[in-house]
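Below is one structure, written out as structure tokens; comments come after it.
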Amino acid sequence: MRPGILGSVIAACIAALATIVIPGQANAGERIGDCEILLDHPHNSGHRPGTVDADMRIRCRTPQKYLGVESFLYRESVNPGHRWMVTGKPSKAENAKYVTSVAFEDCQNAKYQSKANFLIIDNAGVRHERFDVWSPVVDITCK
């Protein structure tokens with residue numbers, strides 16, 4: 001095999017590995033000012049045995065005027081084209097550095113997906129919205 005072909009094969013393998021979804025990992029956080037938003041992928045809960053959850057977070061280095069996050073967990077239904085949705089308790093705080101919202105339900109072997117809505121109002125009063133942020137679809141096997 002020529003060196004150029006070997007490099008192309010290695011690059012293709014690395015690209016394929018990058019598309020593998022690992023349950024429980026979070027999407028790399030987007031930075032907004034000195035804050036980071038994190039979208040958790042659905043996974044078997046380590047805090048509530050027998051459930052699937054996804055924990056959405058905003059964390060900042062300094063307190064912000066307002067932080068808000070909503071979390072949603074979707075499970076594929078047995079009816080084609082339909083999904084079951086669970087909404088987490090929305091979380092909001094003023095003059096805060098951290099908020100989290102967790103959506104969870106009793107585990108079923110199925111495909112799951114999480115979604116979040118994030119809102120940050122910084123100390124200058126500027127509104128930063130990231131709505132309908134989706135995780136990849138994840139296959140969950142209950143533990």
(request) Sort His47, His128 so that the residue with the fewest other Cβ atoms within 10 Å of its own Cβ comes first and the one with the most comes last. (result) His47, His128
(request) Measure up Lys89/Lys111; Lys65/Lys89; Lys65/Lys92; Lys115/Lys143 against 18 Å on the Cα-Cα distance and list the ones that go over. (result) Lys89/Lys111; Lys65/Lys89; Lys115/Lys143
(request) With a Förster radius of 30 Å, plug the Cβ-Cβ distance of Asp106 and Trp134 into 1/(1 + (r/R0)^6) and report the FRET value to the nearest 0.05. (result) 0.85
(message) At a 10 angstrom cut-off on C-beta neighbours, averaged per residue, how do the peptides 105-118, 84-97 rank from highest to lowest?
(response) 105-118, 84-97
(request) Compute the length gained on full extension between Asn123 and Arg59: take 0.36 nm times their separation in residues and subtract their Cα-Cα distance, giving the result in nm to one decimal. (result) 21.6 nm
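The numbers here are math on the coordinates, done by the rules we state, and not lab data. Note that the structure is predicted; figures quoted are calculated from it, not measured. Note: ideal-geometry Cβ built from the backbone for every residue, glycine included; neighbour counts use all protein chains shown.
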